[in-house]
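**Q** Got a structure here, written out as structure tokens. Questions coming.
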There are 6 protein chains.
Amino acid sequence: MDSDEQYERGLAALQQAANGAAQRLLDALADVSPELSYRSVAWSYGDLYVRPQLARRDRELLTLGILTGLGAADAQLEVHVNGALNAGLTPSEIVEALLQSVVYCGVPRAVNATLVAKKVFAERNLLPVRPTTAG
Amino acid sequence: MDSDEQYERGLAALQQAANGAAQRLLDALADVSPELSYRSVAWSYGDLYVRPQLARRDRELLTLGILTGLGAADAQLEVHVNGALNAGLTPSEIVEALLQSVVYCGVPRAVNATLVAKKVFAERNLLPVRPTTAG
Amino acid sequence: MDSDEQYERGLAALQQAANGAAQRLLDALADVSPELSYRSVAWSYGDLYVRPQLARRDRELLTLGILTGLGAADAQLEVHVNGALNAGLTPSEIVEALLQSVVYCGVPRAVNATLVAKKVFAERNLLPVRPTTAG
Amino acid sequence: MDSDEQYERGLAALQQAANGAAQRLLDALADVSPELSYRSVAWSYGDLYVRPQLARRDRELLTLGILTGLGAADAQLEVHVNGALNAGLTPSEIVEALLQSVVYCGVPRAVNATLVAKKVFAERNLLPVRPTTAG
Amino acid sequence: MDSDEQYERGLAALQQAANGAAQRLLDALADVSPELSYRSVAWSYGDLYVRPQLARRDRELLTLGILTGLGAADAQLEVHVNGALNAGLTPSEIVEALLQSVVYCGVPRAVNATLVAKKVFAERNLLPVRPTTAG
Amino acid sequence: MDSDEQYERGLAALQQAANGAAQRLLDALADVSPELSYRSVAWSYGDLYVRPQLARRDRELLTLGILTGLGAADAQLEVHVNGALNAGLTPSEIVEALLQSVVYCGVPRAVNATLVAKKVFAERNLLPVRPTTAG
């Protein structure tokens, strides 16, 4: 498969998987670095996400972990909280994943990621997340 | 001591130690992840901060260092610049601590943390920080 | 549940979930910071990992992502590659998860994490990982 | 050369090399940590940037790489995208440098840095960056 | 151009540009994640490094900056100190680049990267680096 | 004060404050980047550490926090665990400081820093650190 096919396939997958948040990032890059948009799409949703070794839901869960551990990745977290919801993860599962991160990368990154998730949940009328237990 | 006691103790300590900045973070988490609020409070102010091995002032100084080195932790820095002031550190000592960080984690993190401190100082009418020497 | 119960529960879960790698870390901490061992165990396997909101397999997959994104966490990666295998993830799924991280945190962290996984696979006679496709 | 000479030389070099973005940072620090301003200027443009071992253009290219790899350094990136333009790098070269970073530090840091560059290009009427090829 | 061509082109370029350090990494990945090797080569030397917007020397200088800023990337630094030498950068220029990083990402990352460079210089009989001035 | 005086003063202070670990780093840099040694010493112990705004003990405590939050800084942590002991911090206080970091930057960085401290304590016959309480 050549790179253009990979890009086209990735773009279609991205538009199905994610949503306005991803499109806004691609639009913002259009007049400065279409090359970066092209690779971001071709390499993620065009190449890796379609591989059968992991399910889409697993991949989105994993990406939430990678981005939270990395830090300073709010725009991508916004894309992938949307991607996670679209892959079938519930708000409660997403919040639980970010809760778990606190042990490995600490309170600031866990809280920050949770507040990005909250923003996405609010846009999609998913608040309040039904609290599971207070402790 | 069970976890609920730890949480209650931590919440009381936090409300005394820090201030509106901490409360705003807890409020923001209330409808998305009370579980994360609970652990942030129970594990920090409820468990570790009350241990006698280090004084409160030492702990707040240390936390400024950890957060500055970590980076991308503005909301927590805001909480702990307040916590540092409330534990008796002066604005000049706080600024000096952030100045020292420049050697270990570089200009961007030191400058960013200093501008978060400035925001807190402004809210508490502590500006200008009396310059000690220009060099 | 009080903290000691949480620790005991966590220790039992950890010993089942992970293996020698985790025990070696706890042993290494024993004469310098049993307090840190205690919290690492009580907060992860004692508190969060037993919550029903995410399956053990999901949690271990997620942790691989968090640690890879964070970087400089080889000892914990070693523990959790073992934990992931013990939770039912296959070597191929683990390698695929680390492959995906390359898009979000770059080649150095993805390669480094993959070489830690290789070390664990070698100890458990799981090499070579059956290549799925060359591209 | 003593430190004050280094600072004066650095300030002159900075004002020539960079622009309003640098001055805004120095102004923001003036009432909270002139000591940090002083060292930021003396150690970078006053000491290192004037050394003959690397050309100014090389240094600004390199700094874009360091800041992108570091992450969470938007204000300094803004200064140094300006510095890079003033040292003769074209928008296309700057965008290409940030594109290359995607392989080493991942999509989030590359995209974020590119959007900071876009902001500077917009202020200097340098948009759209003439796309070189779509792939 | 399809992905396999990109990989073949990248592999040829890598073998010319870098050296044993790169080959050792590819060999180490061979039985665990040839997929990761494939993408590391195809995306860097196969895709980006051959683009005409930046010279090879510029790209290697930039990569030293990205990796130093990122941290915890010793194996890749070793590859790219070799790549930088092979692209025509002198040991003195490489050391100067790492010296400059101290202002932006601090002493630990600058020192660590410099010691990786020293290891490569030693293997290639390039020590001592002729000191330029003591200050 | 000019830079050479600052360097000489810093070197004297460093040799008093720290120990063999610092000297080993300076020696390792001698044939590759004496310029980096020079600045590391002049900017830290020569310039900042002698400022009266914070006591030496406070500075060493703070540096432990910065380096732990930053991550991937083992060689400097080794220098500053020694520096902290020499400034009067007890092993128990140092261990407690690293324990506190777990809340802010997570288990991997806290454990790693604690194991670096253990190495220094072992060299100085300070093990076992008298455990204060198990929880």
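The values are calculated or read from the model by the stated rules, or taken from the named source; none is laboratory data. Just so it is clear, the structure is predicted and the values come from calculations on it, not from any experiment. Neighbour counts run over all protein chains shown; Cβ positions are idealised from the backbone, glycine included. Surface accessibility is based on the protein's heavy atoms, side chains included, excluding ligands, DNA and RNA. Shrake-Rupley method; radii C 1.70, N 1.55, O 1.52, S 1.80 Å.
**Q** Would you confirm whether any residue within region A:46-62 is at pLDDT 95 or above and aromatic (Phe, Trp, Tyr)?
**A** No - not one qualifying residue is present in region A:46-62.
**Q** Scan region B:115-122 and tell me whether some residue there is open to solvent by less than 50 Å² (accessible area, probe 1.4 Å), touching a residue at least 60 places away in the same chain (Cβ under 8 Å) and either under 16 Å from D:Tyr38 (Cβ atoms) or of a type outside the set (Ser, Thr, Tyr) (or both).
**A** Taking every residue of region B:115-122 in turn, at least one turns out to be open to solvent by less than 50 Å² (accessible area, probe 1.4 Å), touching a residue at least 60 places away in the same chain (Cβ under 8 Å) and either under 16 Å from D:Tyr38 (Cβ atoms) or of a type outside the set (Ser, Thr, Tyr) (or both).
**Q** Going by what's in this entry, would E:Leu89 be described as part of a helix (DSSP H, G or I), at pLDDT 95 or above and on the phi < 0 side of the Ramachandran plot?
**A** no
**Q** Just name the residue that is nearest to the chain's Cα centre (by Cα) out of those in region F:21-50 that are of a type in the set (S, T, N, Q) and either more than 8 Å from chain E (Cβ to nearest Cβ) or part of a loop (DSSP other than H, G, I, E, B) (or both). Break it down stepwise before answering.
**A** Residues of region F:21-50 of a type in the set (S, T, N, Q): F:23, F:33, F:37, F:40, F:44.
Those still in the list that are either more than 8 Å from chain E (Cβ to nearest Cβ) or part of a loop (DSSP other than H, G, I, E, B) (or both) too: F:23, F:33, F:37.
On the way: F:Gln23: 13, F:Ser33: 21, F:Ser37: 16 Å.
Per the criteria, the residue is F:Gln23.
**Q** Another question about this same structure. Somewhere in region B:117-127, is a residue modelled with pLDDT of 95 or more, assigned to a helix (DSSP H, G or I) and facing chain F (nearest Cβ under 8 Å)?
**A** No, there is no match, as no residue in region B:117-127 is modelled with pLDDT of 95 or more, assigned to a helix (DSSP H, G or I) and facing chain F (nearest Cβ under 8 Å).
**Q** Considering only residues that are facing another protein chain (nearest Cβ under 7 Å) and among the β-branched types (Val, Ile, Thr), look in region F:65-114 and name the one that is surrounded by the fewest Cβ atoms within 10 Å (Cβ to Cβ).
**A** F:Val111
**Q** Okay, moving on. Being of a type in the set (Val, Ile, Thr) and touching a residue at least 60 places away in the same chain (Cβ under 8 Å) is true for just one of D:Val79, D:Val95. Which residue is that?
**A** On the way: D:Val95 fails: touching a residue at least 60 places away in the same chain (Cβ under 8 Å).
That would be D:Val79, the only listed residue that is of a type in the set (Val, Ile, Thr) and touching a residue at least 60 places away in the same chain (Cβ under 8 Å).
**Q** Same structure again: Say we look at region B:7-18 and pick out the residues that are out of contact with any Gly (no Cβ under 6 Å at 6 or more places or on another chain), modelled with pLDDT under 85 and open to solvent by less than 50 Å² (accessible area, probe 1.4 Å); which of these is nearest to A:Glu96 (Cα to Cα)?
**A** Selected residue: B:Leu14.
**Q** For region E:20-37, how many residues are open to solvent by less than 30 Å² (accessible area, probe 1.4 Å) and not hydrophobic (A, V, I, L, M, F, W, C)?
**A** Residues in region E:20-37 being open to solvent by less than 30 Å² (accessible area, probe 1.4 Å) and not hydrophobic (A, V, I, L, M, F, W, C): 3 in total.
**Q** What are the pairs, 6+ residues apart or on separate chains, where a residue within region C:16-36 that is among the β-branched types (Val, Ile, Thr) has its Cβ under 9 Å from a residue that is open to solvent by less than 40 Å² (accessible area, probe 1.4 Å)?
**A** Qualifying pairs under 9 Å: C:Val32/F:Pro91; C:Val32/F:Val95; C:Val32/F:Thr114; C:Val32/F:Ala117; C:Val32/F:Phe121; C:Val32/F:Val129.
**Q** Which residues, taken from region F:101-114, are more than 18 Å from C:Glu78 (Cα to Cα) and touching a residue at least 12 places away in the same chain (Cβ under 8 Å)?
**A** Listed by number, the residues that qualify are F:Ser101, F:Tyr104, F:Cys105.
**Q** Please specify each residue of region F:52-64 satisfying the condition of being in a loop (DSSP other than H, G, I, E, B) and facing chain B (nearest Cβ under 7 Å). Break it down stepwise before answering.
**A** Of the residues in region F:52-64, the ones in a loop (DSSP other than H, G, I, E, B) are F:52-55.
Across region F:52-64, the qualifying residues are F:Gln53, F:Leu54.
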